[in-house]
Amino acid sequence: MKILSIETSCDETAVAVLEVSGKKEPRFRVRQNVLASQIETHRPFGGVVPHLAAREHAKNLPILTKEVLKREPKVDLITATKGPGLLPALVVGVTFAKMLAATSQRPIVGVNHLEGHIYSNWLERRAQSLKAKSAKLKAVKFPALCLIVSGGHTQLILMKNHGAYELLGETRDDAAGEAFDKVARMLRLGYPGGPEISRFAKKGNPDAIAFPRPMMHTKDFEFSFSGLKSAVR
């Protein structure tokens, strides 16, 4: 089976074709994978502007999809990120995928991109490289404790089985990646904030300033990063 996948949850437009084989031991091969970055579009604002992200997705999706389908014209299924993410950006991707599914008469499936973060941990690549084009899904032992840390989400999840999740805790304010971008904007370091802060941190003294570690002694599994922003000020 060949799957055409569309991702527009935030500030990058991605279109890929994945070939899947095997039921008991699924194997995956990336046939095509193209991406359009929006870093230069959002750099002047120090963060992602939702309506600009949606505009760029609308511009990039037809171009990338045409490029991918020219190389892999036969696909059996269409998938698109349905959430979570920036609503205007998600709407563009899902609408485009529905239109594509209708015109090609192919089934469509919505995908939670946080599940993608989780399952990527169990992809065993044939080559010891992040750029390896083929992989198989390793057997998963349940229950599994999953930590998701990204630009828009910081969550601790108990995975009881495939598709069975319990949210144990999440950030009460900013996600970890969001805090990086906001701190970088405060310090005028540039965008995206994470790489810029890391670059400057390598040149600094890790013991010069003692930053707070929020929520360390609470009896729950929640996170908070707004205090770190205040400490930077």
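Nothing in this text is a laboratory measurement; each read-out follows from the coordinates by a stated rule. Please read all numbers here as calculations on a predicted model, not as lab measurements. Backbone-built Cβ (ideal geometry, glycine too); neighbour counts: all protein chains shown.
Of the conditions (1) out of contact with any Phe, Trp or Tyr (no Cβ under 9 Å at 6 or more places or on another chain); (2) surrounded by 16 or more Cβ atoms within 10 Å (Cβ to Cβ); (3) farther than 18 Å from V34 by Cα, L52 fails just one. Which one is it?
So L52 meets the others, but not (1).
Among the residues of region 68-97, which ones are small (G, A, S) and touching a strand residue (DSSP E or B) at 6+ places or on another chain (Cβ under 6 Å)?
Answer for region 68-97, where residues must be small (G, A, S) and touching a strand residue (DSSP E or B) at 6+ places or on another chain (Cβ under 6 Å): A80, G93, A97.
Restricted to region 42-94, and to residues that are assigned to a strand (DSSP E or B) and in contact with a helix residue (DSSP H, G or I) (Cβ under 8 Å, 6 or more places away or on another chain), which residue is nearest to V183 (Cα to Cα)?
Within region 42-94, the match that is nearest to V183 (Cα to Cα) is G83.
Answer yes if at least one residue in region 10-29 is in a helix (DSSP H, G or I), over 21 Å from Y119 (Cα atoms) and not hydrophobic (A, V, I, L, M, F, W, C), and no otherwise.
Within region 10-29 (the criterion being in a helix (DSSP H, G or I), over 21 Å from Y119 (Cα atoms) and not hydrophobic (A, V, I, L, M, F, W, C)), the answer is no, since none of the residues qualifies.
Find all pairs meeting these conditions: Cβ atoms under 6 angstrom apart; at least six residues apart or on different chains; first residue within region 66-79 and over 10 Å from V15 (Cα atoms); second residue part of a loop (DSSP other than H, G, I, E, B).
D76/M1; L77/P107; I78/R106
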